[in-house]
Each structure stands twice: as C-alpha cells, then as structure tokens.
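Report on one structure; see the data block that follows.
What follows is calculated from the coordinates using simple rules that are stated; it is not laboratory data. Please read all numbers here as calculations on a predicted model, not as lab measurements. Cβ placement follows ideal geometry from the backbone for every residue including glycine, while neighbour counts extend to all protein chains displayed.
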Amino acid sequence: MTNIPNDTPWKLFLDSLKGRSIHVVGLASTECTAFLQVVSDANVTIHELHTDEETLRSTFAMTHVAMPSEQRDRLLTDLRTNHTICSGANYLSGIQTADLIFVPQSWDLYPSNQPIHDILKQDPGKICSLIDLYARFLPCKIIGVTGTNGKTTVTSLLGVLLEAAGINVAVSGNNRYHSQLLPRLDEIPSTAVAVLEISHKHLRRLDRGPDIAVVTNVAGDHLEEFGSFDDYAARKARILQLQTRGNLAVVNLDDPWLKSHAASLVKGQFSRVSLQSTTQDGAGAWIDAGNFVVRTTEKRTIEIPCSALKLLGKHNITNTLLALAAAAEIIPDKKLLESGLRTFRGVKHRLEYLRSIQKAAIYDDTASTSPASTRAAIEALAAATITPIVLVVGGDDKNNCYDELHKTIADHVSRVIVLPGSAGNAIAMGCGTVPVHRHTGLVSATQDAIGFAAGGAVLFSPGGGGFFAKIATEAGGLRTMIRQWGR
C-alpha cells in the first residue's frame, strides 16, 4: 500500500484499480470476499488453496457465519462465476505479474505462499490487506482493540456502549461474527466511530495507529509463529508504537508485560486500567466501593455500579473497565454508559451459557484457544461456585506453556475430558490426580461430561487452536447438538 498517496480518497483508489491486474489470495476468508465485492471492475484473479469442493464450501460457510446461508451461497457462486480461480498445481499462477496483491491476515502461515514473500521483499507496496484499507480509508475515528485474550469481548462491548448512546458505530475486524465494513465504506460518515478488533497478524501489516488503542493483555500464545515470547509481545506492541501524540492508549496494567513496557511505548495520552488500583492520578479506570470508576483525559469522573455487569469472571471486570475507559472518552455520560452496560450479555463462544441438561450447566467457551483464557473461564465458574466443573479440552498446541493451567485444574476442576489434538495431550499430561477421560468424538465426550457434572458445569474451553474446524463439527456442532438435546 506504500504506492498509494496518503490523501487518496476511497472512491479514487477504487477507480485506480479499474482494468488493472488484481490478485486475491484466498476465496474462503471474509477479508478477501469483502475486497472482491468492491473491485468488480478490475481484472481479478483468485488464488485458492482448497481444491476439494466440499472442503471449500464448508470452510466458506464457517468463515462467513455472520451471513445468512442463502446470501452466503449466492455470494460464493457469483465470485466463482465472475472471476478466474487458480488452484492445485496452478495455485499462484501469474501472481508475479499482478499490479496489486490482496492477502488475508493468515497468508504467511502457508508454505505454498513463499512466492508472495519474495514479491513482498522486492516491492512491499504491491501487497495490500484489509487492515491496510481500514486504516487508510475509514473516514471516522477508529478505536483499535488488540491483546492475547479479551479483545472480542471488549470490541463487542464498545459497540454496544456507543450504540446505546446514539453514536453511529461500525464494528468489524478479526471476529467472524462481525460483518466486514469494506463493501459499505463509502456509506460511513465522518461522525461515526469504527471499532476494530485487531489481531497480531493484522499488526504485521498495519502502518498507522488508531485514534484510540485498547490493549487487553500480552500473554503467551501463537508462539509457533514466533521465535520467542518477546517477538510475539513486540508484535502486539506495534499498535502503541504506531500511534502519535494526538492519540490515546488504554492499557491493562495488571498484565505483567504491559506493566513493565507500556509507559515507554505510549506516545500520546495514557489511560491506565487496573483492578489493583483504587485511586490514581490521570486518566484511567479501576474498581472502588463496588463501582467501576473511570476518569477521562478531560478529568471527568464517572462511577457505575459493578452490578450493571451481567458476565461472570474477574477477566470480564477488566474487559469492562477497558471498554468503559475508551467509551467514556467519546460519551462521558454515566446514564448512557450504564444503560449500555446493562444490556450487554457477552459474545458467542466466550463463557456463554447454553442451557442445562440433567442438572449440568453447559458453557460454550470454545473461543478460548490459549491456556490463559481457559484458566480465566475455570476461575470465573469457581468464583461463582458453579461446581463441580468438568473441563472439555482439545485442539492444537501453539507452543504454549500449560503450567499455570495445570495448577488451576488441580484447584478447581473435578474431571477433564480430552478430545483429539496436541493441546489436549499437553493438558492431560499435567492433570495429576484429576481424572482424565479421552474421547475421539464430540458426542460421546459431551455425554460423558454431562454425566459427571450434575449440579455443576460442563465447560467447553479447549485451550488449543483448531477446535471449531477439526473437532466441533460433529452432530452439526456443539451449539446445535446442545439445543437438540435440551428439547
């Protein structure tokens, strides 16, 4: 994107692509389909790794879950009909001649994309991503939320708080349940606020910081992609390094890495968030006498009862403080903020209560793909005395350390149900005296867990990646299965 002048309007940028050779890597991602919908007048070639029809359709359905099924099927058909698609042995055919290459956030994880790395080294401006376009062309204030855990909850809560206050808000980014903004970018007014969930992969490409950056935490995750935790943390820190003096950083100082490093990284105004601080100078948010307390950069103080939050867990108290600290800079109104908070019921797959079966409460926390997020879910149920807790884990290990999770399991979990995957194996190995039961399928694992959890909870919190794609598809998926069993 370095080949595009900073002051280029969105429509002029699109006009500049007409008739040019545009190559898009990956048909199945929401990022790429969003881009494909706005470059219909260009000469577009799509490069798709999936060669099997059934796999492509199922992957497309999973990534485009926010879209109604009929609209989703029609979109896939139209894209395949109207564009040249290269796959199999011809996967990256002709990409060296592209005028512009659009890539999804995970493109660099696939060895088959090595030729794109070579192009990036020779001509960085030829590569473009969704986060580039949002940062460059969104006409309004941008709040960017990143962190290892909690960013989806904070992003979603910010959307609810701003909408409840009458703000024109657009929420998008890393969460597949949020529609991408690109197809309606020219409809977003300058008075709106865009709230973007920004992943570590996005930060690899981002070349400018958001007006307000929210950093939830920096914990060990995705270490299979990095040489060390320090490399991963440095990637997360880019969101602060890219900001300017006129921007605001809202940071969770209860996180050890952020507590040590954030002050030296922040260039503009600094809002310090902590559960452990009851009073402080400057902008920030904390807990005092049963209230969320927020002090804005303009020195306004807002207090909202903690009882307005309907979510379980200390981690969600922190998430709420972060969201309130950012939202209060735009809407410093106690009544509006409290009204929005009282309506918030959390997000899908994050410590989400589904229903009770045979006196066992079923919680869907399948978005927890790291040991730290699984720990937070266990501790939230234990603090609410929803016990015994039967934990269901599985999926892919991302070179994470499970020592702290093992301690939490020993303290609070009665049994562990292990589904396939290296993460499940790593968790099982450190369970000590806690009984471990292995299963190869979701149905039998769920039946077993419910039988052990009478009066308590079954917590699906995998602690590893790939749970949705590789494990949670049996019987139509976890949510469908639980709904049917509860009838």
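Below, the figures for the structure above:
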| item | result |
| --- | --- |
| Under Karplus coefficients 6.51, -1.76 and 1.60, residue-wise ³J(HN,Hα) of segment 245-252 in Hz, glycine/proline x | 5, x, 9, 10, 10, 10, 10, 7 |
| Under the Karplus curve 6.51 cos²θ - 1.76 cosθ + 1.60, θ = phi - 60°, whole-Hz ³J(HN,Hα) for segment 37-46, x wherever Gly or Pro sits | 6, 10, 10, 5, 8, 8, 8, 9, 10, 9 |
| Where labels lie 7 Å past Cα in the beta-carbon direction, separation of residue 109 and residue 260 in nm | 2.7 nm |
| Dipole of the chain [Lys/Arg +1, Asp/Glu -1 at C-beta], most positive-end residue of 75, 389, 434 | 389 |
| Descending principal axes extents, segment 131-343, alpha-carbon based, whole Å | 43, 41, 33 |
| Computed E for residue 301/residue 163 - FRET, C-beta separation, R0 35 angstrom, nearest 0.05 | 0.90 |
| Lysines with Cα under 20 Å of residue 18, excluding same-chain neighbours fewer than 8 positions away | 126 |
| Counting all C-alpha pairs of segment 10-128, share separated by more than 26 Å (%) | 17 percent |
| Whichever lysines have a C-alpha closer than 23 Å to that of residue 314, once near sequence neighbours (fewer than 8 apart) are set aside | 151, 236, 259, 334, 348, 407 |
| Candidate aspartates and glutamates - alpha carbon under 17 Å from residue 267, same-chain residues fewer than 8 apart omitted | 207, 211 |
| Cβ-based exposure ranking for 264, 106, in which fewest neighbours within 10 Å come first | 264, 106 |
| Computed over the chain: relative contact order in percent, which uses C-alpha pairs under 8 Å that are six or more apart | 11 percent |
| 142, 417, 167 arranged by Cβ crowding within 10 Å, fewest neighbours leading | 167, 142, 417 |
| Label-point gap, in nm, between residue 18 and residue 184 - each point 7 angstrom along Cα→Cβ | 2.5 nm |
| Answer label, with Cα extents along the principal axes in Å calculated from the coordinates and candidates (i) 67, 48, 43; (ii) 64, 56, 43; (iii) 115, 68, 43 | (ii) |
| Virtual spin-label span in nm between residue 276 and residue 383, 7 Å along Cα→Cβ | 1.5 nm |
| For residue 362, distant residues with modelled amide H under 5 Å away | 354, 355, 356, 357, 458 |
| Potential lengthening between residue 70 and residue 288 on full extension [0.36 nm per residue; Cα-Cα distance subtracted] | 73.5 nm |
| For segment 134-212 and segment 36-80, distance of Cα centres in Å | 23 Å |
| Relative exposure of 235, 375, 80, judged by other C-beta atoms within 10 Å (fewest first) | 80, 235, 375 |
